[in-house]
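Reviewing the structure listed below.
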Amino acid sequence: MLLLAVVSGVRWLFAPDGYGGGGAAFALLGAGVGALLAALMVSAPGRRSGGHLNPAVTLVLWRLGAFPGRDVVPYLVAQLSGSVVGTWLAGLVWGPVVSRSPVSHAVVRPGPGWGDGAVVAAEAGALAGSALLLAGLLAHPVGRRVLPYAVGVVTALVIAVLGPLSGGSANPARQFGPALLSGEPGLLWLYGGGPVLGAVVGAGLVAVVRGRLGAGRAAVAYSRPGGPPVVPGRP
């Protein structure tokens, strides 16, 4: 559903017989994708599955201890397969225009002047920031309730801001189906590796922050006058 909507949005926002592209088109696409993502996450299937449609986010949640390791590979297979199927369905719905430039199955490309290193850094940075956001929201009951909407807003901002620059994918599954069906797999390592790198870095930063908070709480507990020392639990 997500990739069907993405490719459909790119078809009508960037094709010559549609909106025609431009910075506003990225903002509109981001708003639509962010709203759909939040809706999918709060839907009944989304609540049952966890609603993380991004392989890099699945890795983050696993590294944070919020997702079982045995389910990582099945989720990755489902996410990447869904990317291919959704992109293919968009071609069936909209016809040959989806395969022609500038739509090209909504494959993500960097903007002018953006080299490989800059793209990887931007993609990794977006996921590292998302990891910190997820950790913060998952730590509190209120945060868990607003998490789908926060993810939707962040996704919309990434597409609107980074779309004209690095491409604004931040999701390996976002690029996987479009890259395969457009015949442009050469950039998969950028838009797959960048978010995965960001997931690893972000989870590492969360571990460092948790460790420091835990050490600080332990120091306070041991300094309390009277009674045995209290060792705090996991932050």
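So what is the relative contact order of region 14-104, in percent, for Cα pairs below 8 Å that sit 6 or more residues apart?
Dividing the mean separation by the residue count of region 14-104 yields 24 percent.
Relative contact order of the chain: what whole-number percent is it, with Cα pairs under 8 angstrom and at least 6 residues apart?
Once normalised by length, the contact order is 28 percent.
Quick one: if you stick a label point 7 Å off each Cα along the C-beta vector at residue 116 and residue 1, how many nm between them?
3.8 nm
Does anyone have the angle between helix 188-222 and the longest principal axis of the chain? Alpha-carbon axes, 0 to 90°, nearest 10?
20 degrees
Can you send over the solvent-accessible area of residue 140, 1.4 Å probe, protein chains only, in Å² to the nearest 10?
Solvent-accessible area, nearest 10 Å²: 110 Å².
Residue by residue through region 27-37, which ³J(HN,Hα) values in whole Hz follow from phi under the Karplus form 6.51 cos²θ - 1.76 cosθ + 1.60 (θ = phi - 60°), with glycine and proline marked x?
5, 5, 5, x, 4, x, 5, x, 5, 5, 4
Please work out the Cα convex hull volume for region 65-125 and give it in Å³ per residue.
122 Å³
Suppose only helical runs count, i.e. DSSP H with n ≥ 4. What mean residue ellipticity at 222 nm does that imply for the chain under -39500 (n - 2.57) per run, divided by all residues and rounded to the nearest 500 deg cm²/dmol?
Roughly -23500 deg cm²/dmol at 222 nm, from the helical runs in the chain.
I'd like the FRET efficiency for residue 85 and residue 39, computed as 1/(1 + (r/R0)^6) with the beta carbon distance as r and R0 of 25 Å, rounded to 0.05.
Approximately 0.85, to the nearest 0.05.
In degrees from 0 to 90, rounded to the nearest 10, what is the angle of the helix 2-14 Cα long axis to the longest principal axis of the chain?
That works out to roughly 50 degrees.
I need the phi-derived Karplus couplings for region 140-155: 6.51 cos²θ - 1.76 cosθ + 1.60, θ = phi - 60°, integer Hz, Gly and Pro marked x.
Ordered by residue, 3J(HN,Hα) equals 9, x, 5, x, 5, 5, 8, 4, x, 6, 5, 4, x, 5, 4, 4 Hz.
Per residue, how many Å² of accessible area does region 95-207 show with a 1.4 Å probe?
Dividing the accessible area of region 95-207 by its residue count gives 42 Å².
For residue 72 paired with residue 210, estimate the spin-label separation in nm (one decimal), with each label point 7 Å from Cα along the Cα-to-Cβ line.
Reported label-point gap for residue 72 and residue 210 is 1.4 nm.
Would you mind classifying region 91-135 by shape? Square roots of the alpha carbon gyration tensor eigenvalues, ordered a ≥ b ≥ c; an a/c under 1.5 is rounded, otherwise it is prolate if a/b is larger than b/c and oblate if not.
Verdict is oblate for region 91-135.
Angle check, please: helix 172-182 long axis (alpha carbons) against the longest principal axis of the chain (alpha carbons), in degrees 0 to 90, nearest 10.
20 degrees
For the chain, report the % of Cα-Cα distances exceeding 34 Å.
I get 20 percent for the Cα pairs in the chain exceeding 34 Å.
Measuring from centroid to centroid over Cα atoms, what is the spacing of region 53-104 and region 173-196 in Å?
10 Å
Among 47, 144, what's the order by accessible area (1.4 angstrom probe), most exposed first?
On the way: 47 160, 144 125 Å².
Result, largest first: 47, 144.
If you roll a 1.4 Å probe over the chain with all protein chains in place, what percent of the accessible area is carbon or sulfur?
Details: 8030 of 11460 Å².
Answer for the chain is 70 percent, counting heavy atoms of protein chains only.
The values are calculated or read from the model by the stated rules, or taken from the named source; none is laboratory data. Please read these numbers as outputs of a predicted model, since none were measured by experiment. For neighbour counting, all protein chains shown are included, and Cβ atoms are generated from backbone atoms with ideal geometry for every residue, glycine included. These accessible areas exclude ligands, DNA and RNA; they are computed on the full protein's heavy atoms, side chains included. Shrake-Rupley method; radii C 1.70, N 1.55, O 1.52, S 1.80 Å.
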